[in-house]
Amino acid sequence: MVKEPVIFQVSGYQNSGKTTLVNKLISGLKEKGLSVITIKHHGHGGKPETPGGKDSSSHVESGAAASLVEGGGRLLLQAEKKSWSLEEQIRIALQLQPDVVLIEGHKKASFPKAVLLRSDEDLYLMEELTNICALFCWEDKVIKHKTADLETPFFSIRDPKGPEWIIEYLVSESKKRR
């Protein structure tokens, strides 16, 4: 029987600390014995860079829809088509049977998420986004004042308790699905 993984997002604007938080979550979840797959939205325009001059890249450049390269237990997948929906990316990730799928970006998706707020200008995300499980911010005094009535856990971006809280949340959710 295949268990259903926990899917969790880390959302916020560019330079809000998403990648740093995701890396902390990956390390912490691995320490807890969970396998993690990440999906990252390349929000900088255009296609993400690929290793040039390698056979796998040349296969795709020659017209292959996808290329898989394996060596020493590492599997690399490079695939090309006009665009990939988040649902398609998740279906691919689920084939590897992870305990947790972490999605960096894709703000509008409805999975449980942590939202990173750079300043009070980002506060509208609290109203616009759904399924917020935790808030992180850079400007504590502004955000705490605005979020005083919320039940959602709130953390300073510098507080190690924030990533720890999410890790424990994800471990707990994973146990429910075993």
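Could you look through segment 63-109, keep only residues that are among the polar types (S, T, N, Q) and in contact (Cβ under 8 Å) with a residue 24 or more places away in the chain, and pick out the one that is nearest to residue 132 (Cα to Cα)?
So, considering only residues that are among the polar types (S, T, N, Q) and in contact (Cβ under 8 Å) with a residue 24 or more places away in the chain, the one nearest to residue 132 (Cα to Cα) is 89.
Just to be sure before I move on: is residue 75 open to solvent by 20 Å² or more (accessible area, probe 1.4 Å), in contact with a Leu (Cβ under 7 Å, 6 or more places away or on another chain) and more than 21 Å from residue 13 (Cα to Cα) in the structure I sent?
Against the criterion (open to solvent by 20 Å² or more (accessible area, probe 1.4 Å), in contact with a Leu (Cβ under 7 Å, 6 or more places away or on another chain) and more than 21 Å from residue 13 (Cα to Cα)), residue 75 qualifies.
From the residues in segment 78-109 that are acidic (Asp, Glu) and open to solvent by less than 40 Å² (accessible area, probe 1.4 Å), which one is farthest from residue 174 (Cα to Cα)?
Filtering first and then ranking leaves 104.
Out of all the residues in segment 115-135, is one or more closer than 17 Å to residue 41 by Cα and assigned to a strand (DSSP E or B)?
yes
Quickly run through segment 93-102 and pick out the residues that are within 15 Å of residue 41 (Cα to Cα) and at pLDDT below 95.
If the condition is that a residue be within 15 Å of residue 41 (Cα to Cα) and at pLDDT below 95, then 93 is the only one that fits.
Which residues, counting only those in segment 19-37, are within 15 Å of residue 163 (Cβ to Cβ) and open to solvent by 30 Å² or more (accessible area, probe 1.4 Å)?
Listed by number, the residues that qualify are 19, 20, 23, 24, 26, 27, 30, 31, 32, 36.
Can you find a residue in segment 150-157 that is charged (D, E, K, R) and either surrounded by 12 or more Cβ atoms within 10 Å (Cβ to Cβ) or under 24 Å from residue 14 (Cα atoms) (or both)?
no
The values are calculated or read from the model by the stated rules, or taken from the named source; none is laboratory data. Computed from a predicted model, the values in this text were never measured in an experiment. Methodologically, a virtual Cβ is constructed for each residue, glycine included, from the backbone with ideal geometry; neighbour enumeration extends over all protein chains shown. Each accessible area value is taken on the protein alone, full model and side chains, heavy atoms only, with ligands, DNA and RNA left out. Shrake-Rupley method; radii C 1.70, N 1.55, O 1.52, S 1.80 Å.
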